[in-house]
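Chemist: Let me give you the structure first, and then I'll get to my questions.
The values are calculated or read from the model by the stated rules, or taken from the named source; none is laboratory data. Since we're looking at a predicted model, the values are computed, not measured. Cβ coordinates were reconstructed from backbone atoms using ideal geometry, including for glycine residues, and neighbour counts include every protein chain displayed. Just the protein is used for accessible areas: all its heavy atoms, side chains included, with ligands, DNA and RNA removed. Shrake-Rupley method; radii C 1.70, N 1.55, O 1.52, S 1.80 Å.
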Amino acid sequence: MIPIAKPLVGEEEKTAIVNVLNSGMLASGPITEEFEKKFAEFIGTKYAISTASGTTALHLGLLTLGIKGGDKVIVPAFSFIATANSPLFCGATPVFCDINPQTFNINPDKIEKLITKETKAIMPVHLYGQAADMKAILEIAEKHDLKIIGDACQAHGAKYNKKMVGSFGDLECFSFYPTKNMTTSEGGMITTNNEEIAEKAISLRNHGREKTKWGYEHGCLGYNYRTTDIASAIGNEQLKKLPMFNKKRQENAEFLNKKLDFIDEIKITFVLPECEHVYHQYTIVCKNRDKIIQTLKKHEIGYGIYYPKPLHFYAHLNKYAHTDLKCAEETAQKVVSLPVHPALTNNDLNKIVNAIISVYQHPDR
Ligand SMILES: Cc1ncc(COP(=O)(O)O)c(C=O)c1O
């Protein structure tokens, strides 16, 4: 079976974990501080604040921006559910915006008409590893005095105009879930250049704790959204390997593009000229998805439907759809993601290509 995702952990991660276990500091300590410092350096921001997950990073991020009950946050209608749930955690509401069906990211041309006096922020998602159209989004945010919180949970190392995703807007959030381009097992990170945001996030992730002599001083309602040194030890090693992982993903994607592009019934991902895509997912838009899935199953090739529904089709989110979201709806019916991870062999790649081509060569298709 060729899996759709495969975390690549080696001896380096195992040794780093054992070192933490031997150190006696299993909670968040010096290894986490090292991970934060190195991640901030990699992204090119002044601060990186680790969290327990990408979801908790998004929640904390919104809180640090002051998002609260009655506020509205514009989010793409096509993403993982945490994107839309995080404003709800703050008592705010997500407002769904349609996507560009070629890049799968939020369509900046459709943002402005959704802005009302309650709108406080835009949350672009860099879906599948390609940056959202940040120039246009930043211009809209500036014009309307809105905050930007980037959902970079799928875009470690992706670039927009040669600048690293994670360094745009007020802050951005990453996930280190095992399927991601790098992992810590579970974990997340907020990146920002804003000292006030960084300090607020550090306090809120630790029950609103304030810096005092004795420690147990809590200035506001906060959470336990901390990570551990065990997770960060994995993160430190994975971060060193991330450029190599991403390069392999890009090479795999290039191979698949070359072999599949000639098939009329398939659309490969359009990459904006400003973007360096890191292929968290390799996603095609196809006409006869069921047939492709049947064939992939038959050849024991993993696949994923990210995502089978646009966000406003979930019962608790349906009431936040106030506009035409046709591109998100149609895309959800036509996408399928193929394996692109760095553990694929040439043999695996050829097997994937041959399976897809066979769907379209079959006389009864
Ligand atoms: C776009 C997006 N946002 C948010 C998240 C949430 O991250 P986590 O699973 O680490 O909570 C994910 C993770 O799958 C994601 O892909």
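Chemist: How far, in degrees from 0 to 90, does helix 134-144 lean away from the longest principal axis of the Cα atoms of the chain, to the nearest 10?
Modeler: 50 degrees
Chemist: Using only Cα atoms, tell me the angle between helix 11-23 and the longest principal axis of the chain; keep it within 0 to 90° and round to the nearest 10.
Modeler: Between helix and principal axis, roughly 20 degrees.
Chemist: Continuing with the same structure: Pick out, from 242, 212, 230, the residue whose Cα sits farthest towards the positive end of the charge dipole of region 212-253, with +1 on the Cβ of Lys and Arg and -1 on the Cβ of Asp and Glu.
Modeler: 242
Chemist: Under 10 Å, Cα contacts only: if you run a Gaussian network model on the chain, which one of 61, 157, 24 comes out with the highest mean-square fluctuation?
Modeler: 24
Chemist: Turning to a different aspect of this structure: For the residue pair residue 142 and residue 358, what label-to-label distance in nm results when each label sits 7 Å from Cα along the Cα-to-beta-carbon direction?
Modeler: 5.3 nm
Chemist: Take the residue pairs 162/240; 117/180; 110/159; 110/248 and return only those whose Cα atoms are more than 31 Å apart. All intermediate terms of the calculation are to be shown ahead of the outcome.
Modeler: Values: 162/240 20 Å; 117/180 36 Å; 110/159 23 Å; 110/248 34 Å.
Beyond 31 Å: 117/180; 110/248.
Chemist: Determine the calculated [θ] at 222 nm for the chain from helices alone, applying -39500 (n - 2.57) to every DSSP H run no shorter than 4 residues and normalising by the residue count; nearest 500 deg cm²/dmol.
Modeler: Working: 10 runs with 135 residues, N = 365.
After summing the helix terms and dividing by the residues of the chain, the value is -12000 deg cm²/dmol.
Chemist: Let me ask something additional. What residues from region 310-345 fall in the zone where the backbone N is under 18 Å from a label point 7 Å along the Cα-to-C-beta line of residue 118?
Modeler: 312, 316-324
Chemist: How do 319, 117 stack up against each other in accessible area, from largest to smallest, with a 1.4 angstrom probe? Could the numbers behind the result be given before it?
Modeler: On the way: 319 130, 117 175 Å².
From most exposed to least exposed: 117, 319.
Chemist: So what does the Cα-only Debye profile of region 1-130 read at q = 0.11 Å⁻¹, as log10 I(q)/I(0), no solvent term?
Modeler: -0.57
Chemist: Could you tell me the center-to-center distance, by alpha carbons, between region 281-357 and region 213-242 in angstrom?
Modeler: That distance is 34 Å.
Chemist: Ranking request for peptides 141-148, 38-45, 186-193: highest mean number of other beta-carbon atoms within 10 Å first, then the rest in descending order.
Modeler: On the way: 141-148: 16.0, 38-45: 18.8, 186-193: 25.9.
Ranked by mean Cβ neighbours within 10 Å, highest first: 186-193, 38-45, 141-148.
Chemist: Summarise the long-distance tail of P(r) for the chain by giving the % of C-alpha pairs beyond 30 Å.
Modeler: Details: 25440 of 66430 pairs.
Pairs farther apart than 30 Å: 38 percent.
Chemist: Here is a further query. So with the 1.4 Å probe, I'd like the accessible area per residue for region 19-98, rounded to whole Å². Each step should come with its number before you reach the end.
Modeler: Values: 2800 Å² over 80 residues.
I get 35 Å² per residue for this part.
Chemist: Here is a further query. How big is the gap, in Å, between the Cα center of region 157-185 and the Cα center of region 78-152?
Modeler: Result: 16 Å between the Cα centres.
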